[in-house]
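The structure appears right after this line, and notes come after that.
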Amino acid sequence: MKKIALTSVCCVLILLSFAQEFPSFGTATGDEINLKQCSFDKEANAVVLVHEAFSNYNDQAHLITTHHVRIKILKEKGFSAADVSIPFYRKDNFETIYGVEGLTINAGNDGQLINTKLERKSIFTQKTNERIGEVVFTFPAIKVGSIIDYKYQSDMKTYGGLQDWEFQDRLPVMVSKYSLIILPNIEFAYRINKTLDIPIAVKKQATSGSIEFEMRNIPGLGDEPYMDARKDYMQRIIFQLSNFSHGSNTNKYMTSWDEVTRELSASPDFGRQLDKSISGTEDFIKQVKLLPSPEDKMKAVFNYVRSNVVWNGLYTKYTMEGVKDAWQKKSGSSGDINLLLVNLLKEASLEAYPMLVSERFHGKVNVDYPFIDQFNSVFAYVPINNKKYYLDATDKTIPAHVTPFNILNTTAFIVNRKAGGLTDITNDTVQYKEFISVNLELADNGTIGGEVSVQSRDYARIKKLSDYKSDKELFIKKYFIVDGTNFTAKDLQLSNIENDSMSLKQQCALSGSLNTSGDYTFLPLNLFAGFDYNPFLSNSRFSNINFGYKRTINLNVSVLLPASYTVDELPKSIRMVTPDKDITFIRQIELDKELNSIRCMILIEFKKSLYEAETYPMIKDVYQKMFEFLKEPVVLKKKG
């Protein structure tokens, strides 16, 4: 961890800093005008030529940050880069965006530059939600070869709003640099998140009391299949307030994990919420204490809270107005609901602690740095008979015995001096399991009919049930329509919806016809297994591959053929296993000549859920071969 304590800044320097401008704004070099392709990201549709910014403070100790961004449009698909959105924290007027200026630079036929200004009437401020707003605008006169250039300022009421500096973007970035001056008597810790092959320059200037970071030639980072939080892989600087001095007093802000525990335990919005008396729950708690086992008590309290309190969609680590208020209103944030849950679990004489989590979309936790902002929410942690239970009462679908999918393969922090600390969230006993049975019969006229039965267990059950309750029509299209066929699913029925200890059973009737070409008819064998397309086609990979859970898919297909059809080509039985035996693909297929029927069994197993980015070539190769096998149909020919 590195700390910045830059206090030797006089008012003259501050005024000079604010007076400075970006000298290159509104101009373009010959190299920028003539640029046709990004040398280090050749497929890019646009490229950020420069994103530079500096942060300072005014006489009210506000954090003032001035940005300058210049982007070159390389292809028509890059026109969307001219639609700019600048998000800001609008609640309580904490942040204001102002001083927006911009222009489009084009080269005329005579080689002269044509500048088209961004009109003020084209700049709009929108409300995204109660906390976030955005300033949006679209540049005029855009064409392939255009350069868009803009600058703006952000005014935050305190330095507590200091944000991470992201060198990387969805577009490739040629130059990204950020300089910062810290208020006197404040220390910020920072750490650098970057790959080894992209260097960073860090400069400290004692005379101005500033620190500057710069990176160059950074490839764009888009969304990759089975990717964790995108920011985990972004080249960036991460800041956190660590020390504040006022007169002779010095306050430290959670610079160790023990300090995190002490701070949170004493917080009126966290630790002190765990011993509240929740009015109206007394009779329920008495009944819970009569249940025979700790597991039964835990499940009863868990279901009681999530049945009575509705999540308002906000992720918080603390209560917003207190657990009592959340219970009375029957609504609250994740912090309100799950701290309420911990409270009632303790009332039921169970061992329970709050647990800070960083859900997969929020990003990984670096255990070497006690940055509380690495976490986005709080769950309840309950240890019973050497088993660990992680409960989130905002989720209505996940049973108590199953670890929520959104924290699998993450690191959490249990907030308790004796039983707490950092813990890795894994689950080796529960996985995604599906058993699929398809029975079909082909008629003389080429139509086909039958039925399919799917049994979904554990994470498969949770995923399927959630999708079914969300949209029944979309559920059928997603899980019971086969690409490349005209199969129709009818009379879908689900069993065991309410019993979370049993498989979710799905049954429906199928009818349709097979694809033909001349005298040949093609029977697909990859039916309803969920492997409809290959997600790993890119030549390179930036992020780890996180499937979340282990998976077992067992598909059995049986097709009865009429006497008028014969098998012209039958795919071979195969077995493919990776060297580490963590991925298995098996296909067993046979033709029963007596019955004139085909039976096929396909087994797909993933015994690992997380793969490092370095293993991507292996994953890509496995998926390519697997999908080649899955695409192979049985080729039928009609006699005569």
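The values are calculated or read from the model by the stated rules, or taken from the named source; none is laboratory data. Values in this document were obtained by computation on a predicted structure and should not be read as measured data. Here Cβ is always computed from backbone atoms with ideal geometry, including for glycine, and neighbour counts include all displayed protein chains.
Per the listing I285, I200, I237, the residue uniquely modelled with pLDDT of 90 or more and in the same structural domain as V415 (by TED's automatic domain parsing) is I285.
Please work out if S501 is of a type in the set (S, T, Y), over 24 Å from the mean Cα position of the chain (by Cα), surrounded by fewer than 16 Cβ atoms within 10 Å (Cβ to Cβ) and not in a helix (DSSP H, G or I).
yes
Residues in the range 376-388 that are hydrophobic (A, V, I, L, M, F, W, C) and over 18 Å from G313 (Cβ atoms) were compared, and the one that is surrounded by the most Cβ atoms within 10 Å (Cβ to Cβ) is A380. If the condition is being under 17 Å from the mean Cα position of the chain (by Cα) and among the small types (G, A, S), then the range 192-240 contributes G222, A229. Residues that are part of a helix (DSSP H, G or I) and not polar (S, T, N, Q) were ranked within the range 398-408; the one that is modelled with the highest pLDDT is I407. Here is the figure for the range 308-327: residues that are in contact (Cβ under 8 Å) with a residue 40 or more places away in the chain and part of a helix (DSSP H, G or I) total 3.
Please go through the range 504-529 and pick out each residue that is crowded, with 19+ Cβ neighbours inside 10 Å and over 38 Å from the mean Cα position of the chain (by Cα). Residues satisfying the conditions are L514, T521. Only one of the listed residues (K396, K364) is touching a helix residue (DSSP H, G or I) at 6+ places or on another chain (Cβ under 9 Å), within 21 Å of S543 (Cα to Cα) and not hydrophobic (A, V, I, L, M, F, W, C). That residue is K364. When the range 580-605 is filtered for residues that are under 22 Å from N539 (Cα atoms) and surrounded by fewer than 18 Cβ atoms within 10 Å (Cβ to Cβ), nothing remains.
Filtered by the rule that a residue be over 21 Å from I86 (Cα atoms) and part of a strand (DSSP E or B), the range 139-193 gives I181, I186, E187, F188, A189, Y190, R191, I192, N193.
Restricted to the range 409-448, and to residues there that are of a type in the set (K, R) and assigned to a loop (DSSP other than H, G, I, E, B), the residue that is surrounded by the most Cβ atoms within 10 Å (Cβ to Cβ) is R417. Residues considered: A613, A563. Of these, the only one that is modelled with pLDDT under 95, under 25 Å from T485 (Cα atoms) and of a type in the set (A, V, I, L, M) is A563. A Cβ distance below 7 Å, combined with a sequence gap of six or more or placement on separate chains, defines the contacts here; from the range 38-52, residues that are among the small types (G, A, S) and at pLDDT 95 or above reach residues that are surrounded by 16 or more Cβ atoms within 10 Å (Cβ to Cβ) and not in a loop (DSSP other than H, G, I, E, B) in the pairs A46/I71; A46/K72; A46/I73; A46/G78; A46/A81. The selection criterion, being in contact with a Leu (Cβ under 6 Å, 6 or more places away or on another chain), under 30 Å from L196 (Cα atoms) and either assigned to a loop (DSSP other than H, G, I, E, B) or assigned by TED's automatic domain parsing to the domain that holds P225 (or both), does not hold for F536. Among the conditions (1) charged (D, E, K, R); (2) within 25 Å of N596 (Cβ to Cβ); (3) in contact (Cβ under 8 Å) with a residue 60 or more places away in the chain, the only one that K572 does not satisfy is (3).
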